[in-house]
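Comments concern the structure below.
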Amino acid sequence: MHNFFDNNGLPISDINFEHLDKAPLVINIGRQLGSGGRTIGKILARELGLDYYDKEILDIAARESGFCTEIFERSDEHKGFFQSFFGNVVPIFGHTTEFYQSQVSDENLFRLQSDAIRKAVAQGHGGVFIGRCADYVLRDYPNCLNIFLSANREDRIALIAQRQHVSEAEAAKLMQRGDERRASYYNYYATGSWGAASNYHLCLNTSKLGLEPTAQLILQYVKALCQQ
């Protein structure tokens, strides 16, 4: 069982979620780049009164570890980031390469982010978590709904181009790189395969209904679960 944390930030090593009758709902959203996962996550958090965690997890991890947020942001859901980063880290941050290899490895950053996710859940408010292997990190938590969102290629390219202010050709490249990085990151740290239906409770193509109706469909699913 992995450590969780109390409201004072102290580790709880013997917590047993099997005895929690009414554990707050946690929704973990895996998503293809450009599928609208963040938008849908914010709708779910708002409608269900849950906390929303995306980049916020990086802020928590940085605050708890003492490392600057930029390190977490530049390596976010990117396995192997430090293999290319070490060459530039000394002039930027003023530490030796050996320091970063021992203290800020990919694996250590994943551990710190995982601790931040578990600490957020232990506050007892429930939450919506976007990416970062949250479904795997919280696999011992009893009240998780794990979702994976995809979308049609043309819709994803259009959304990425709009939000990143780039051409469709550049958006297509960003889409491919983004998916490759997310898949590599998830497949390395978690069990199972990124996007495989067997890893999730619900898999949806957001192109079929659109973002808002897809969020409403998920809300109906949540309400049906709560009635059981």
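The values are calculated or read from the model by the stated rules, or taken from the named source; none is laboratory data. Predicted, not measured: the structure shown is a model, and the values here were computed from it. In this analysis, Cβ positions are derived from the backbone assuming ideal geometry, glycine residues included, and neighbour counts consider all displayed protein chains.
Quick notes
- Annotation note: of Ser114, Ser167, Ser105, the sole residue that is surrounded by 21 or more Cβ atoms within 10 Å (Cβ to Cβ) and either more than 23 Å from Ala196 (Cα to Cα) or outside the structural domain of Ala45 (by TED's automatic domain parsing) (or both) is Ser114.
- Each residue in segment 114-139 was checked for being modelled with pLDDT under 90 and of a type in the set (S, T, N, Q), and 1 of them qualify.
- Test: residue in segment 143-154 that is in a helix (DSSP H, G or I), crowded, with 18+ Cβ neighbours inside 10 Å and within 13 Å of the chain's Cα centre (by Cα): no
- Residue that is modelled with the lowest pLDDT [pool: residues in segment 21-62 that are among the hydrophobic types (A, V, I, L, M, F, W, C) and part of a loop (DSSP other than H, G, I, E, B)]: Ala23
- So Tyr100, is it out of contact with any strand residue (DSSP E or B) (no Cβ under 8 Å at 6 or more places or on another chain), modelled with pLDDT of 95 or more and in a helix (DSSP H, G or I): no
- Odd one out for Ser207 among (1) of a type in the set (Gly, Ala, Ser); (2) within 15 Å of the chain's Cα centre (by Cα); (3) part of a loop (DSSP other than H, G, I, E, B): (2)
- Cβ-Cβ contacts under 6 Å between residues 6 or more apart (or on different chains), taken from a first residue in segment 170-196 that is in the same structural domain as Gly37 (by TED's automatic domain parsing) and aliphatic (A, V, I, L, M) to a second residue that is assigned to a helix (DSSP H, G or I) and at pLDDT 95 or above, are listed as Ala171/Ile157; Ala171/Ile160; Ala171/Ala161; Ala172/Ile157; Leu174/Ile160; Met175/Arg156; Met175/Ile160; Ala190/Tyr136.
- Residue within segment 144-162 that is of a type in the set (Phe, Trp, Tyr), closer than 12 Å to Leu33 by Cα, in contact (Cβ under 8 Å) with a residue 12 or more places away in the chain and touching a Lys or Arg at 6+ places or on another chain (Cβ under 9 Å) present: yes
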